[in-house]
1. Just to be sure, is Ala147 buried (at least 18 other Cβ atoms within 10 Å of the Cβ), more than 17 Å from Gly40 (Cα to Cα) and hydrophobic (A, V, I, L, M, F, W, C)?
2. Taking the stated definitions as given, is Leu178 part of a helix (DSSP H, G or I), under 23 Å from Ser75 (Cβ atoms) and over 10 Å from the mean Cα position of the chain (by Cα)?
3. For Gly144, state whether it is within 16 Å of the chain's Cα centre (by Cα), small (Gly, Ala, Ser) and closer than 30 Å to Met10 by Cβ.
4. Tell me which of these Asp88 doesn't satisfy, since it passes every other one: (1) under 23 Å from Leu200 (Cα atoms); (2) without any contact (Cβ under 8 Å) to a residue 60 or more places away in the chain; (3) crowded, with 21+ Cβ neighbours inside 10 Å.
5. Can you spot a residue in the range 98-111 that is under 16 Å from the mean Cα position of the chain (by Cα) and open to solvent by less than 30 Å² (accessible area, probe 1.4 Å)?
6. Considering only residues that are among the hydrophobic types (A, V, I, L, M, F, W, C) and surrounded by 18 or more Cβ atoms within 10 Å (Cβ to Cβ), look in the range 34-50 and name the one that is nearest to Val91 (Cα to Cα).
7. From the list Gly71, Gly28, which one is in a helix (DSSP H, G or I), of a type outside the set (A, V, I, L, M, F, W, C), modelled with pLDDT of 85 or more and open to solvent by less than 10 Å² (accessible area, probe 1.4 Å)?
8. I'd like the residue in the range 203-222 that is among the aromatic types (Phe, Trp, Tyr) and in contact with a helix residue (DSSP H, G or I) (Cβ under 7 Å, 6 or more places away or on another chain) and, out of all such residues, is surrounded by the fewest Cβ atoms within 10 Å (Cβ to Cβ).
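The values are calculated or read from the model by the stated rules, or taken from the named source; none is laboratory data. Because the structure is a prediction, the values reported are computed rather than measured. Neighbour counts run over all protein chains shown; Cβ positions are idealised from the backbone, glycine included. Side chains included, ligands, DNA and RNA excluded: accessible areas come from the protein's heavy atoms. Shrake-Rupley method; radii C 1.70, N 1.55, O 1.52, S 1.80 Å.
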Amino acid sequence: MTELLGYAFMQKALLVAMLVGGVCALIGVYVVLNGLSFIGAGISHSAFGGVALGLALGVDPLLAALVFSVGTALSIGAVSERGEIKKDTAVGIFFAATMALGIAVISTMKGFYTDLFGYLFGNILAVTAGDIIWSAALTFVILGIVALYWKELLALSFDAEHARVMGLPTRLLSYLLLALMAVTIVISVKSVGVVLVSALIVTPAASAYQLTRRFGWMMTLSVLFGIGASVGGLLLAYQFNMPSGATIVLLATALFVLAWLLSPRRRR
């Protein structure tokens, strides 16, 4: 283990694993409590369209994915807000359309398939110093916004109607939450990939929800599960020569099963 930690690529991968695992788990608590898991999956797949556009236009794929994913998240919120189209229907439409756009764009390019494979399934062992700076900067932005609107997001998550009666801007808070989800997903794309990133957001929070209903404890447990699954999955992937994204998600799922078995509500 000491020898393994001496490698620069492993040090960078562990640092990103802790950042990604922590921030995904933190936002995941709001996603689970607000019933937005399917939206998370839709936004994560829309990132593929953004990456493809970035490669085609010659701009940073992650920057393109960030703009594209935030735009998609806000569009889903706008379309479903009026109630004429259900939220899951809007997600299904944008989910398929953005993936189709990505496939159409890459069909016109040559020589980018290796890069796209990394974005689809993730390769945390290949992160660069630039990726760390990118992930750290966006993580601190997310943490700052969550700290600033902690009480408002808490009220929205537990009772949106009561929050509206209290005079809170629930509409703006909902859009803010969707944007935070999109940013969190883009941070995590290089680590676990577009296909699996939604699991890293939902599963640690769902595991914590099995063990407690208290918001503070749920947030703490979710972050611990997220970081534990990311770091543990990374080490297991390296040890057994497995894909890092898949191993991280499988370990997170194993933690969920354990939490479900130990859930106080299940044993009543």
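1. No, not satisfied.
2. yes
3. In short, no.
4. Failed condition: (3).
5. no
6. Ile39
7. Of Gly71, Gly28, the one residue that is in a helix (DSSP H, G or I), of a type outside the set (A, V, I, L, M, F, W, C), modelled with pLDDT of 85 or more and open to solvent by less than 10 Å² (accessible area, probe 1.4 Å) is Gly28.
8. So, considering only residues that are among the aromatic types (Phe, Trp, Tyr) and in contact with a helix residue (DSSP H, G or I) (Cβ under 7 Å, 6 or more places away or on another chain), the one surrounded by the fewest Cβ atoms within 10 Å (Cβ to Cβ) is Phe215.
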